[in-house]
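The values are calculated or read from the model by the stated rules, or taken from the named source; none is laboratory data. The shown structure was predicted, so the numbers you read here are calculated from the model rather than taken from an experiment. Here the Cβ positions follow ideal geometry from the backbone for every residue, glycine too, while neighbour counts run over all protein chains shown.
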Amino acid sequence: MWIYEKTLEIPVRVSKPDLRMAKFLTTVYGGPDGELSAALRYLNQRYTMPNKRIKALLTDIGTEELGHMEVVATLIYKLIKDATPAQMKEAGLGEHYADHDKALFYTDAHGVPWTAAYIQTKGDPIADLADNIAAEEKSRATYQWLIHLTDDPELIQVLKYLRGREIVHSQRFREAFFIMEEEQRASKAKKEDDL
C-alpha cells in the first residue's frame, strides 16, 4: 500500500542543541494532539468512511502524518544528540533518560505516555470529520506555541512548515465534511421521497 521514500518531507536543521525545546517537541510526537495520534486516527477512520474520495483523503493525510513523525523525531534527536546525562537531568529530562537514554518515546511534554484514548473513531462520518478538523486546529495551535518558545531560525522554519500542513489538513477535512453533509442530506431526501 505504501512506498517509503528514504528522505524527510522537509530538510531538518537546528542551529544549536536545545534540550528544553526537545522536551517541548515531544508533545507533537506522542502527545494527545501529536502526529502519532493524528496518523492513527485517520488511518483507522478510513475503514468506516462510506465516501471513497474521503477514504482516500484519510489515507493520504494519515500517511503524511507518519512523515511528520519522522520530521519531529529528527528534530528532537538533533536537539539532544550530544547531551550528557547531567544536561538531560538539568533540562527536566532526567526521568526520560533513566528509562530511555536518548531514545524517543511517545509522550507529551510532561512525560505522560501516549494512550489510545487520544484518538477517536465514532463510525459516524460527520462526527469523525468534525473531530479531525478540531484535531488539526489543536495541532496547528501547538505548533504556533512551539514557535513562540524558540529563537532558533532553522527550527522555526521546520515548525512553520508543519504548522502550515496542519492548516491544509484542516481545510481538506472541512471540504470533506461539507461533501459528507451534502451526501447525507441527499440520501435523507431520497428516503423521504421513496415513502
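Residues of the range 141-160 that are of a type in the set (A, V, I, L, M) and buried (at least 20 other Cβ atoms within 10 Å of the Cβ): Leu146, Leu155, Val158, Leu159. Within the range 107-124, residues that are surrounded by 14 or more Cβ atoms within 10 Å (Cβ to Cβ) have Cβ atoms under 7 Å from residues that are part of a strand (DSSP E or B) in these pairs: Thr107/Pro113; Trp114/Thr107, counting only partners at least 6 apart in sequence or on another chain. Here the condition is being free of Cβ contacts under 8 Å to residues at least 12 places away in the same chain, basic (Lys, Arg) and surrounded by 13 or more Cβ atoms within 10 Å (Cβ to Cβ); of Lys89, Lys138, it holds for Lys89 alone. Residues in the range 71-86 that are exposed (fewer than 13 other Cβ atoms within 10 Å of the Cβ) and either in contact with a Leu (Cβ under 6 Å, 6 or more places away or on another chain) or in a helix (DSSP H, G or I) (or both): Ala86 only.
The one condition from (1) without any contact (Cβ under 8 Å) to a residue 60 or more places away in the chain; (2) touching a His at 6+ places or on another chain (Cβ under 9 Å); (3) among the charged types (D, E, K, R) that Glu64 does not meet is (1). Given the structure, is Ile54 closer than 25 Å to Pro153 by Cβ, touching a residue at least 40 places away in the same chain (Cβ under 8 Å) and assigned to a helix (DSSP H, G or I)? So Ile54 does not fit the description; no.
Of all residues in the range 5-59, those being among the acidic types (Asp, Glu) and under 30 Å from Pro85 (Cα atoms) number 3. Of the residues Ala39, Ala109, the single one that is farther than 30 Å from Ala186 by Cβ and touching a Leu at 6+ places or on another chain (Cβ under 6 Å) is Ala39. Based on this model, can you work out whether Glu183 counts as at pLDDT below 95 and under 26 Å from Thr63 (Cα atoms)? Yes; evaluated as a whole, the condition is true for this residue.
Exactly one residue among Ala103, Ala98, Ala117, Ala130 is touching a helix residue (DSSP H, G or I) at 6+ places or on another chain (Cβ under 8 Å) and not charged (D, E, K, R), and that residue is Ala130.
Among all residues of the range 5-19, there is at least one that is part of a helix (DSSP H, G or I) and surrounded by 15 or more Cβ atoms within 10 Å (Cβ to Cβ).
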